[in-house]
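Before any comments, here is the structure.
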Amino acid sequence: MFLRSLKQIAKILGEDVSLDAPIRNCAIDSRNIEGGDLFFALKGNRVDGHTFLPEVAQKGAVGAIVSKEYRGNDFGLCLIRVDNVLHALHTLAKEATRQRKEKIVAIT
């Protein structure tokens, strides 16, 4: 059972959403968004991912993980508000890794 719905993802992050839409994929770059994706609005030194919400909505994203401080428009997206977007991404990555049955091996 991998992370495949907005409701499931919100629950892991300690939030609640009314929409239980399926998630096709996740992205941190708005240029990679396709229909059914979930966008992580990361804030960097030069760019704030929240400014790309209109673009990801237009491309068909289902939802976005945004900062609780974000007060702008939702552009038709289901917004999951969290204290720290990067921390939420890490939490979901750890959970997806935990749910895998395969062993992960890293070679450096």
> In Å², what does the accessible area per residue of segment 12-108 work out to with a 1.4 Å probe?
Replying inline: 65 Å²
> Add -39500 (n - 2.57) for each DSSP H run of 4 or more in the chain, then divide by its residues: what number comes out at 222 nm, to the nearest 500 deg cm²/dmol?
Replying inline: -7500 deg cm²/dmol
>> Show me the ranking of peptides 19-25, 49-55 by mean Cβ neighbours inside 10 Å, starting with the highest.
In response: 49-55, 19-25
> Given a 1.4 Å probe and every protein chain left where it sits, what share in percent of the accessible area of the chain is carbon and sulfur?
Replying inline: 52 percent
> For the chain, what is the convex hull volume of its Cα atoms per residue in Å³?
Replying inline: 121 Å³
>> If you count only protein heavy atoms and use a 1.4 Å probe, how large is the accessible surface of residue 16, to the nearest 10 Å²?
In response: 130 Å²
> Across the Cα atoms of segment 48-103, what radius of gyration and what greatest pairwise Cα-Cα distance (Dmax) are found, in Å?
Replying inline: 13.4, 42
>> Less than 26 Å apart at the alpha-carbon level, and either on another chain or at least 8 residues along: which lysines does that give for residue 103?
In response: 11, 94
> Over its Cα atoms, what ratio of radius of gyration to 2.2 N^0.38 Å does segment 1-48 give?
Replying inline: 1.25
> Which angle between 0 and 90 degrees, to the nearest 10, do you get for helix 85-99 versus the longest principal axis of the chain when only C-alpha atoms count?
Replying inline: 30 degrees
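The values are calculated or read from the model by the stated rules, or taken from the named source; none is laboratory data. A quick note: this is a predicted structure, and the numbers were derived from the prediction, not measured. When we count neighbours, we look across all protein chains shown, and the Cβ atoms used for this are built from the backbone with ideal geometry, even at glycine. In case anyone asks, the SASA skips ligands and DNA or RNA and just uses the protein heavy atoms, side chains included. Shrake-Rupley method; radii C 1.70, N 1.55, O 1.52, S 1.80 Å.
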